[in-house]
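See below for the structure under consideration.
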Amino acid sequence: TGLDGWTFGDPVDEFTVMAKYGETIFGYKVEYKLSTEGDEKYTEWTASNYPDKAGAYTIRFTAIADDIGSYENTSVTREITVSPRPISGATVNLNKDWETYTGNNFASSISANSVKLVVNGVEKTLVEGTDYTVSIPKTIINVGEYTITVTGKGNYSGTVSETFTVKVRELYTPS
(Lines give C-alpha, C1' and ligand atoms only; values in the text may rest on other atoms or scores of the structure.)
Protein backbone atom coordinates (compact mmCIF):
# COMPACT_ATOMS: atom_id res chain seq x y z
CA THR A 1 0.00 0.00 0.00
CA GLY A 2 0.95 3.67 -0.02
CA LEU A 3 1.94 3.48 3.65
CA ASP A 4 5.10 1.39 3.18
CA GLY A 5 8.52 3.05 3.06
CA TRP A 6 7.35 6.41 4.43
CA THR A 7 10.07 8.87 5.51
CA PHE A 8 9.43 11.86 7.77
CA GLY A 9 8.73 14.98 5.72
CA ASP A 10 7.46 13.12 2.65
CA PRO A 11 3.88 13.59 1.62
CA VAL A 12 1.67 10.62 2.38
CA ASP A 13 1.11 8.48 -0.68
CA GLU A 14 -2.52 8.04 -1.52
CA PHE A 15 -4.06 4.84 -0.31
CA THR A 16 -7.51 3.48 -0.93
CA VAL A 17 -9.83 2.11 1.71
CA MET A 18 -13.03 0.30 0.81
CA ALA A 19 -15.25 -1.40 3.31
CA LYS A 20 -17.42 -3.85 1.39
CA TYR A 21 -19.25 -7.09 2.12
CA GLY A 22 -20.86 -8.67 -0.91
CA GLU A 23 -22.54 -5.76 -2.67
CA THR A 24 -22.91 -3.69 0.50
CA ILE A 25 -20.48 -0.77 0.74
CA PHE A 26 -19.90 0.72 4.17
CA GLY A 27 -18.62 4.09 5.26
CA TYR A 28 -15.26 4.03 6.98
CA LYS A 29 -12.83 6.03 9.05
CA VAL A 30 -9.08 5.82 9.38
CA GLU A 31 -7.32 6.62 12.66
CA TYR A 32 -3.76 6.43 13.95
CA LYS A 33 -1.73 6.46 17.15
CA LEU A 34 1.89 6.10 18.11
CA SER A 35 2.41 2.41 18.89
CA THR A 36 4.57 3.32 21.89
CA GLU A 37 1.67 5.09 23.58
CA GLY A 38 -0.01 2.71 26.01
CA ASP A 39 -3.50 4.16 25.78
CA GLU A 40 -6.08 3.37 23.13
CA LYS A 41 -6.47 6.99 22.03
CA TYR A 42 -6.57 7.21 18.25
CA THR A 43 -6.63 10.39 16.15
CA GLU A 44 -8.70 10.61 12.99
CA TRP A 45 -6.60 10.59 9.83
CA THR A 46 -7.55 13.36 7.38
CA ALA A 47 -5.88 15.06 4.42
CA SER A 48 -4.25 17.56 6.78
CA ASN A 49 -3.98 15.46 9.95
CA TYR A 50 -1.75 12.40 9.82
CA PRO A 51 1.35 11.10 11.65
CA ASP A 52 3.66 14.08 12.00
CA LYS A 53 6.85 12.59 13.43
CA ALA A 54 9.10 9.61 12.93
CA GLY A 55 8.12 6.49 14.83
CA ALA A 56 6.03 3.33 14.83
CA TYR A 57 2.30 3.80 14.43
CA THR A 58 -0.79 1.66 14.65
CA ILE A 59 -3.32 2.49 11.94
CA ARG A 60 -6.93 1.44 12.55
CA PHE A 61 -9.34 1.08 9.64
CA THR A 62 -12.97 0.87 10.72
CA ALA A 63 -15.94 -0.09 8.54
CA ILE A 64 -18.95 1.82 9.84
CA ALA A 65 -22.18 -0.17 9.59
CA ASP A 66 -24.54 2.47 10.99
CA ASP A 67 -28.07 1.98 9.65
CA ILE A 68 -27.07 -0.89 7.33
CA GLY A 69 -29.07 -3.92 8.32
CA SER A 70 -27.69 -6.11 11.06
CA TYR A 71 -24.00 -5.44 10.39
CA GLU A 72 -21.64 -4.26 13.14
CA ASN A 73 -18.73 -1.85 12.96
CA THR A 74 -15.54 -3.80 12.32
CA SER A 75 -11.93 -2.63 12.68
CA VAL A 76 -8.60 -3.93 11.51
CA THR A 77 -5.20 -2.53 12.47
CA ARG A 78 -1.88 -2.33 10.73
CA GLU A 79 1.55 -1.32 11.98
CA ILE A 80 3.58 1.18 9.95
CA THR A 81 6.86 2.98 10.56
CA VAL A 82 7.64 6.55 9.61
CA SER A 83 11.42 6.58 9.21
CA PRO A 84 13.59 9.52 10.27
CA ARG A 85 14.78 11.74 7.39
CA PRO A 86 18.53 11.36 6.67
CA ILE A 87 20.47 14.62 7.07
CA SER A 88 23.30 13.53 4.77
CA GLY A 89 22.53 16.35 2.30
CA ALA A 90 22.23 19.11 4.91
CA THR A 91 24.16 22.36 4.61
CA VAL A 92 26.01 23.35 7.78
CA ASN A 93 26.88 27.03 8.26
CA LEU A 94 29.47 27.59 10.95
CA ASN A 95 29.36 30.56 13.29
CA LYS A 96 32.97 31.67 13.44
CA ASP A 97 34.51 35.11 13.17
CA TRP A 98 38.10 33.93 13.04
CA GLU A 99 40.24 31.96 10.68
CA THR A 100 43.80 32.65 11.76
CA TYR A 101 45.94 31.32 14.58
CA THR A 102 45.97 33.47 17.74
CA GLY A 103 47.11 30.95 20.35
CA ASN A 104 43.64 30.93 21.94
CA ASN A 105 41.27 27.95 22.11
CA PHE A 106 38.39 28.67 19.73
CA ALA A 107 36.32 25.62 20.71
CA SER A 108 33.87 27.57 22.87
CA SER A 109 33.30 30.22 20.19
CA ILE A 110 32.28 27.90 17.36
CA SER A 111 28.81 26.54 16.73
CA ALA A 112 26.61 25.31 13.95
CA ASN A 113 24.89 28.63 13.34
CA SER A 114 22.36 26.94 11.10
CA VAL A 115 21.74 23.53 9.63
CA LYS A 116 19.49 23.54 6.57
CA LEU A 117 18.04 20.56 4.77
CA VAL A 118 16.05 20.55 1.55
CA VAL A 119 13.01 18.27 1.86
CA ASN A 120 10.87 17.84 -1.26
CA GLY A 121 12.21 21.05 -2.77
CA VAL A 122 11.64 23.15 0.36
CA GLU A 123 14.53 24.35 2.53
CA LYS A 124 13.98 23.67 6.24
CA THR A 125 16.10 25.08 9.06
CA LEU A 126 16.65 22.39 11.68
CA VAL A 127 16.62 23.13 15.41
CA GLU A 128 19.66 22.29 17.53
CA GLY A 129 18.77 19.99 20.43
CA THR A 130 15.50 18.91 18.80
CA ASP A 131 16.56 17.91 15.28
CA TYR A 132 20.33 17.51 15.73
CA THR A 133 23.30 17.61 18.10
CA VAL A 134 26.75 19.03 17.37
CA SER A 135 30.11 17.48 18.19
CA ILE A 136 32.94 20.03 18.32
CA PRO A 137 36.60 19.27 19.10
CA LYS A 138 37.45 20.29 22.70
CA THR A 139 40.60 22.06 21.62
CA ILE A 140 40.88 24.25 18.53
CA ILE A 141 44.14 26.12 18.96
CA ASN A 142 46.81 25.14 16.47
CA VAL A 143 46.98 25.75 12.77
CA GLY A 144 45.27 22.94 10.84
CA GLU A 145 41.97 21.39 9.86
CA TYR A 146 39.17 20.67 12.32
CA THR A 147 35.84 18.95 11.81
CA ILE A 148 32.53 19.40 13.54
CA THR A 149 29.90 16.69 13.16
CA VAL A 150 26.16 17.24 13.15
CA THR A 151 24.11 14.16 14.14
CA GLY A 152 20.40 13.93 13.41
CA LYS A 153 17.97 13.10 16.22
CA GLY A 154 14.22 12.75 16.60
CA ASN A 155 12.76 13.08 13.09
CA TYR A 156 16.24 13.13 11.53
CA SER A 157 19.03 10.55 11.34
CA GLY A 158 22.60 10.21 10.15
CA THR A 159 25.52 12.61 10.26
CA VAL A 160 27.01 15.41 8.24
CA SER A 161 30.43 16.95 8.87
CA GLU A 162 31.90 20.35 8.15
CA THR A 163 35.65 20.90 8.04
CA PHE A 164 37.28 24.27 8.61
CA THR A 165 40.87 25.46 8.79
CA VAL A 166 42.76 27.57 11.31
CA LYS A 167 45.28 29.34 9.12
CA VAL A 168 48.81 30.56 9.76
CA ARG A 169 48.87 34.14 10.99
CA GLU A 170 50.61 36.38 8.51
CA LEU A 171 53.32 38.51 9.99
CA TYR A 172 53.26 42.22 9.31
CA THR A 173 56.45 43.38 7.70
CA PRO A 174 56.94 47.13 7.53
CA SER A 175 58.06 48.35 4.14
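The values are calculated or read from the model by the stated rules, or taken from the named source; none is laboratory data. All of these numbers come straight from a predicted model, not from anything done at the bench. Reconstructed Cβ throughout: ideal geometry from the backbone, glycine too, with neighbour counts over all protein chains shown. With ligands, DNA and RNA removed, areas are computed over all heavy atoms of the protein, side chains included. Shrake-Rupley method; radii C 1.70, N 1.55, O 1.52, S 1.80 Å.
As a test question: what accessible area, to the nearest 10 Å², does L126 have when a 1.4 Å probe is rolled over all protein chains in place?
Approximately 10 Å² for this residue.
Say each of T43 and T102 gets a label point 7 Å from the Cα, pointing the same way as Cα to Cβ; how far apart are those two points in nm?
Inter-label distance under the simple model: 4.7 nm.
With θ set to phi - 60° and the Karplus curve 6.51 cos²θ - 1.76 cosθ + 1.60, what are the ³J(HN,Hα) couplings of segment 72-84 in order, to the nearest whole Hz, using x for Gly and Pro?
10, 4, 9, 10, 10, 10, 8, 8, 9, 10, 9, 7, x
Which of the lysines could a cross-linker bridge to K116, judged by Cα under 20 Å and excluding same-chain residues fewer than eight apart?
Within reach: K53, K96, K124, K153.
If the cut-off is 27 Å between C-alpha atoms, which lysines fall inside it for K20, apart from same-chain ones fewer than 8 positions away?
Result set, ordered by chain and number: K29, K33, K41.
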